[in-house]
1. Collect the residues in segment 1-33 that are touching a Leu at 6+ places or on another chain (Cβ under 7 Å) and either over 20 Å from residue 203 (Cβ atoms) or assigned to a loop (DSSP other than H, G, I, E, B) (or both), keeping them in residue-number order.
2. Looking at segment 21-41, which of its residues are over 16 Å from the mean Cα position of the chain (by Cα) and either of a type in the set (Lys, Arg) or farther than 11 Å from residue 5 by Cα (or both)?
3. Out of contact with any His (no Cβ under 8 Å at 6 or more places or on another chain) and more than 24 Å from residue 201 (Cβ to Cβ): which single residue out of 99, 130 fits that description?
4. For segment 197-217, enumerate the residues that are closer than 15 Å to residue 31 by Cβ, hydrophobic (A, V, I, L, M, F, W, C) and either out of contact with any Lys or Arg (no Cβ under 7 Å at 6 or more places or on another chain) or not in a helix (DSSP H, G or I) (or both).
5. In the set 102, 122, which member is under 23 Å from residue 2 (Cβ atoms) and among the hydrophobic types (A, V, I, L, M, F, W, C)?
6. Name every residue in segment 100-125 that is of a type outside the set (A, V, I, L, M) and within 25 Å of residue 185 (Cα to Cα), in order of residue number.
7. Within segment 34-146, which helices (runs of 4 or more DSSP H) (wholly inside it) include 2 or more residues that are crowded, with 22+ Cβ neighbours inside 10 Å and in contact (Cβ under 8 Å) with a residue 40 or more places away in the chain?
Amino acid sequence: MHLNTTIDHTLLKPDATVEQIDRLCAEAREHAFASVCVLPWYVERAAAMLADTPVATCTVIGFPLGGTFTQTKVAEAMLAMDRGATELDMVINISALKSGEIDVVEADIAAVVSAVHGRKGIVKVIIETSLLTDAEKVGMCHVVTRIRADYIKTSTGFSTGGATLDDVRLLRANVGADVRVKASGGIRDRATAEAMLEAGASRLGTSAGVSIVRERH
């Protein structure tokens, strides 16, 4: 596995400009990253810029707090796919999980996964590990495995912490064989990126992809 092909080249800042998105896409083309991950508003632009490349267009759903209505998340996912997104990183209903309403969380994820899989898309389920207990993380591993989402993802990068090696190992140990792990948040150098992959991640969300792949081994 080449490091570049594990990277979701990410720009989700609220003040991201068109020029920055264009640069993100150009960099993703140059380095053959797995995808670019952009705000829904920029999906159509990114997809057009990457149309003749293997780089996927990824976006975020229910981001960054997760507490929107399930119907809103499904509609957001479908609108993004209409505009060219093929990978959707959705935030779980963290508040419901912390309140013990696991059935609400599971139904929310299942609705998005069903809609996206119906159109051959990929769903990465963001559980926001920095806000969860280990028991809650393991519980989410079981939910994501039952629903057959494609990935479980550590973090939005907008909360109290990002990916840790311990969390990546915990997720990898508790999801099913068909579920992959995406580490995101705080991955800024090659050593960290390689450590996350060694711990069990298959995909890395980072805004530092270019500097990471240019670092000397």
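1. Within segment 1-33, 12, 16, 20, 21 meet the criteria.
2. Across segment 21-41, the qualifying residues are 21, 22, 23, 24, 25, 26, 27, 29, 30, 41.
3. Matching residue, one of 99, 130: 99.
4. The answer is 204, 208, 210, 213.
5. On inspection, the qualifying residue turns out to be 122.
6. Selection gives 106, 108, 121, 124.
7. Where helices (runs of 4 or more DSSP H) fall fully within segment 34-146 and carry at least 2 residues being crowded, with 22+ Cβ neighbours inside 10 Å and in contact (Cβ under 8 Å) with a residue 40 or more places away in the chain, they are 70-82, 102-117.
FYI, it's all coordinate maths here, none of it is from the lab. Just so it is clear, the structure is predicted and the values come from calculations on it, not from any experiment. Cβ sites come from the backbone with ideal geometry, for glycine too, and all protein chains shown count toward neighbours.
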